[in-house]
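The values are calculated or read from the model by the stated rules, or taken from the named source; none is laboratory data. Since the structure is predicted, the reported quantities are computational estimates derived from the model, not experimental observations. Note that we place each Cβ from the backbone using ideal geometry, even for glycine, and neighbour counts take in every protein chain shown. All accessible areas refer to the heavy atoms of the entire protein, side chains included, with ligands and DNA or RNA removed. Shrake-Rupley method; radii C 1.70, N 1.55, O 1.52, S 1.80 Å.
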Amino acid sequence: MRTANSMKNVAVVLIGQILNILLSFGSRIVFVKMLNAEYLGVNGLFTDVLSILSLAELGFGSAVIYGLYKPLAVNNESKIKALMNFYSRVYRLIGFSVLGLGLVLLPFLNVIIKDAPAISNLNLIFLLYLANSVVTYFYAYKRSLIIADQKNYIVTFYKSGFFAVVTIVQVVILLVTQNFILYLLVKIIFSLIENILLSRKADILYPFLKDKNKEKLAVADRKAIFRNVKAMMYHRIGSVVVEGTDNILISSIVGIVWVGFYSNYSLIIGAINSIVNQIFESVTASVGNLNAVESEDKSFDIYKVMLFLNFWIFGFCAISLWILFNPFITLWLGSNFVMNHWIVALIVINFYTKGFRKATLVFKDAYGLFWNDRYKPVAEATVNLIASVILAKYYGIAGILLGTFISSMTTVFWIEPLVLYKNGFKRSVFDYFKRYAKYAGATFCAAGLTSLAGSFAGEQGINSFILKAFMCLIIPNTFFLLLFYRADEFKYVMEMLRGLFKRKKLAKVNHSE
């Protein structure tokens, strides 16, 4: 693997995402103070509606990045040009398709909102959300090339920089005018500028893209791409239905205001996922390169290390969320925005079960195993919708979240590792379930210890929160360390970190000379 690029990706991603998180939480305070909870609910609802409309993309993005791995690895410029020309035409078609679907949906907004909010220009607001989404599709193909070439830090740099500027300008607009329309217009304008500049950056990095000679993609290559896209279509449908319908169901069954309450918890989950996801995405291209040039045994060894890191990161985060969620919401926005412990528990459980899939999905995508489990997302989405709708009638938001958990455990929990082990590693999937049980057990025990310790820290106040946060930092990580310090995966991580520090130290010495 090209370790230098991967490490550079991770470093830039971490800095950018942390700054963005701080800005997000600060802007949410202003949003809540300047606008009512109904605007918060509309924001969450329309975001989910647009994720449903993104089904027009049909998972093409993942197929694009996979298709670029080999040409980039062997520096086949003509093949890269042919692929990019093909991708640009497809993405333009996708952008216009999303626009068309959004316009068709416009007259039916009242159907998905149970209690119509007292917000004027609701149709215009939806159109602005739609415009912001459509803009990205016309430049997505060049963004995909940069990511596939293990330069995701460049994309993150642009994304984080513009996010910071947009957030600051939006906060100023809310404080001065309290105008939600202006708030959305700013986002559209800067989104367009970001995509244009990133497109120009791709032209600089890959000057052959500007050649007037348009390379055509071979028929065999097109067939291979569409085969992967056909498989990814199922995955995209499943992902969107499972992840993008919670707010729609809450809005239509429970009420739009509850979407606002839930969106605050989702923002925190999203903040954590934005960091962790970027870390895993930063190494995805390296894994794709690894699988192309190394043996299955080497790939499996790296996978075990990533699975171990996957467990440690999400185990620690899940425990911290369980202990700190409601205390943080209280300090951040006020006790009126806190939801009950059953709902919090389900949010955390879904976060953990979804998060533990990261390493497996990275390797499955890098192997290009889109076709092998193409029907899995359809089963997951079907179970999720049926269970969520039925349970929501009895348990409200908790029932919707429980439906998500049921769909996950009955489908993706066992299908994804089975496909990877059988078709990628050529090994028995029993190894995965053994590791999952071991890691889940460690997380559960560490959660119990941390929860017990946290019960002595009091319920409210900044001092109680700081003490609980300190416990979350020390207890789970110490427990994991004592349990796994002899494991080969832990030793590998430590060796990798020591090597990284040595290279940095050597670089400083050479620079000083």
>> For the full complex of protein chains and a 1.4 angstrom probe, list K151, K70 by accessible area with the highest value first.
In response: K70, K151
> In the chain, which longest range has no chymotrypsin sites (Phe, Trp or Tyr not before Pro) that are both DSSP loop (not H, G, I, E or B) and surrounded by at most 15 other Cβ atoms within 10 Å?
Replying inline: 1-370
>> Report D for the stretch 369-487 in µm² per second (integer): Stokes-Einstein, Kirkwood Rh on Cα pairs, 4 °C, 1.567 mPa s.
In response: 74
>> Student exercise: in the stretch 405-474, how many lysine pairs 8 or more apart or on different chains have Cα atoms under 23 Å apart?
In response: 4
> In nm, to one decimal, how far is the modelled label at F108 from the one at I168, with both set 7 Å along Cα→Cβ?
Replying inline: 4.3
> Regarding the stretch 388-457, what is the average projected area of its C-alpha convex hull, in nm²?
Replying inline: 6.9
> Extension gain K230-A73, at 0.36 nm per residue separation less the Cα-Cα distance, in nm?
Replying inline: 54.0 nm
>> Tell me the mean residue ellipticity at 222 nm calculated for the chain from its helices only (DSSP H runs of n ≥ 4, each -39500 (n - 2.57), averaged over every residue, nearest 500).
In response: -27500 deg cm²/dmol
> Taking only the alpha-carbon atoms of the chain, what semi-axes of the equivalent ellipsoid follow from 5 times the gyration tensor eigenvalues under a square root, in whole Å, largest first?
Replying inline: 33, 31, 24
>> Restricting everything to alpha-carbon atoms, can you work out Rg to Rh for the stretch 129-191 with a Kirkwood hydrodynamic radius?
In response: 1.07
> Based on the Cβ-Cβ distance of L481 and I15, what FRET efficiency does E = 1/(1 + (r/R0)^6) give at R0 = 30 Å, to the nearest 0.05?
Replying inline: 0.70
> Given the convex hull of the Cα atoms of the stretch 74-128, what is a quarter of its surface area in nm²?
Replying inline: 5.9
> Counting alpha carbon pairs within less than 8 Å and at least 6 residues apart, what relative contact order, in whole percent, applies to the stretch 91-147?
Replying inline: 64
>> Below 8 Å between Cα atoms, with a sequence gap of 6+, how large is the relative contact order for the chain in percent?
In response: 20
>> Under the √(5λ) rule applied to the eigenvalues of the Cα gyration tensor, what semi-axes describe the equivalent ellipsoid of the stretch 327-413? Give them in Å, descending.
In response: 30, 18, 8
> Per the 1.4 Å probe, what fraction of the accessible area of the chain, in percent, lies on carbon and sulfur atoms?
Replying inline: 66
